[in-house]
1. Quick check: is even one residue across the stretch 178-187 out of contact with any Asp or Glu (no Cβ under 9 Å at 6 or more places or on another chain), part of a loop (DSSP other than H, G, I, E, B) and at pLDDT 95 or above?
2. Of T230, T247, T198, which residue is out of contact with any Leu (no Cβ under 6 Å at 6 or more places or on another chain), at pLDDT 95 or above and more than 15 Å from the ligand (Cβ to nearest atom)?
3. Of everything in the stretch 70-88, what is touching a residue at least 24 places away in the same chain (Cβ under 8 Å) and either open to solvent by 20 Å² or more (accessible area, probe 1.4 Å) or aliphatic (A, V, I, L, M) (or both)? Give them in sequence order.
4. Just to verify a result, which residue in the stretch 148-169, among those that are among the small types (G, A, S) and part of a loop (DSSP other than H, G, I, E, B), is least open to solvent (accessible area, probe 1.4 Å)?
5. Only one residue in T198, T181 is open to solvent by 10 Å² or more (accessible area, probe 1.4 Å) and among the hydroxyl-bearing types (S, T, Y). Which one?
6. Criterion first (open to solvent by 30 Å² or more (accessible area, probe 1.4 Å), in a loop (DSSP other than H, G, I, E, B), under 26 Å from R151 (Cβ atoms) and more than 16 Å from the ligand (Cβ to nearest atom)) does A111 satisfy it?
7. Only residues that are open to solvent by 40 Å² or more (accessible area, probe 1.4 Å), part of a loop (DSSP other than H, G, I, E, B) and either free of Cβ contacts under 8 Å to residues at least 60 places away in the same chain or not hydrophobic (A, V, I, L, M, F, W, C) (or both): list them for the stretch 210-228, please.
8. So, of the residues in the stretch 130-147 that are out of contact with any helix residue (DSSP H, G or I) (no Cβ under 6 Å at 6 or more places or on another chain) and not in a loop (DSSP other than H, G, I, E, B), which turns out to be surrounded by the fewest Cβ atoms within 10 Å (Cβ to Cβ)?
Amino acid sequence: MEIIVQPTAQTAGCTVAELMAQALAAQPELVLGLASGRTMEPVYDELVRMHREEALDFARCRTFNLDEYIGLAADDPRSFHYFMRRRFFDHVNIQSGHTHLPDGLASSLQAECENYEKLIAEKGGIGLQLLGIGLNGHVGFNEPQSPLDSRTRVVELSPLTRAQNASFFPSLEEVPRRAITVGIGTILDARRCVLLATGLSKAKIVSKAIEGPLTTVVAASALQLHPNCTVVLDEAAASGLRNKIFTRK
Ligand code: GLP
């Protein structure tokens, strides 16, 4: 794993946006795997800025998001669909038919999961997968004990994950209990993974994921198996690492 440490969450986000922009410039029809969550806000803000000020072009790329809550409509302000539109898609020249998220209101959730996997494969697989990390080590919504070969499926959200995301909802009770997420196997199939984690609250889990044993208890540790994975951290999220050999930019 390549580990890059930046002084702040803002500069770490910009580093990730820069990696994505370089990949897009090299391959304009790139298939991007995207993530939601507060950590990603500086990344999308910087990509939007690059689009406006540096003509970064999204016209030919395609995106697949990692996950979506079950039971929320795409226009529900608490959905990941809404987050992605408001933060990113609405502000760049990506074709609306080229952005994909699982449909949390699908009449057959099973069929929705199977079709999502099929569509990713049909479009050539994910070229660059952006990832955040949950406090319990989840990637996407792959909670502890997710199998390494898991694919897109319906999952139950853990109490910690629901609490972590409660600030987006009027009360903890209203945080959905289930979600659709791509699997660990789906993520490991991406040609490149870029994990971004920022803030002191992530320091412990980042160290477990990167330096701890490969274990399904920490879903993100599966990335140790990936041949082309970059981890971008701010100083706070890197503060728990025992091995201090990393690129400081
Ligand atoms: C959420 C998402 C993940 C995200 C993670 C971290 O629940 N499903 O894709 O990476 O948890 O969120 P945040 O960036 O808000 O800490």
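1. no
2. Residue meeting the stated conditions: T230.
3. Those that are touching a residue at least 24 places away in the same chain (Cβ under 8 Å) and either open to solvent by 20 Å² or more (accessible area, probe 1.4 Å) or aliphatic (A, V, I, L, M) (or both): I70, G71, L72, A73, A74, R78, F80, M84, R87.
4. So, considering only residues that are among the small types (G, A, S) and part of a loop (DSSP other than H, G, I, E, B), the one least open to solvent (accessible area, probe 1.4 Å) is S150.
5. T198
6. Judged against the criteria, A111 is not a match.
7. Of everything in the stretch 210-228, those that are open to solvent by 40 Å² or more (accessible area, probe 1.4 Å), part of a loop (DSSP other than H, G, I, E, B) and either free of Cβ contacts under 8 Å to residues at least 60 places away in the same chain or not hydrophobic (A, V, I, L, M, F, W, C) (or both) turn out to be P213, L214, T215, T216, P227, N228.
8. Here is the first cut: in the stretch 130-147, the residues out of contact with any helix residue (DSSP H, G or I) (no Cβ under 6 Å at 6 or more places or on another chain) are 130-131, 140-141, 143-145, 147.
If we keep only those that are not in a loop (DSSP other than H, G, I, E, B) as well, we get 130-131.
On the way: L130: 27, L131: 25.
Only one residue tops the list, namely L131.
The values are calculated or read from the model by the stated rules, or taken from the named source; none is laboratory data. Computed from a prediction, not measured in an experiment: that's the story for all the values here. All Cβ positions, even for glycine, are placed from backbone atoms using ideal geometry, and neighbour counts span all protein chains on display. All accessible areas refer to the heavy atoms of the entire protein, side chains included, with ligands and DNA or RNA removed. Shrake-Rupley method; radii C 1.70, N 1.55, O 1.52, S 1.80 Å.
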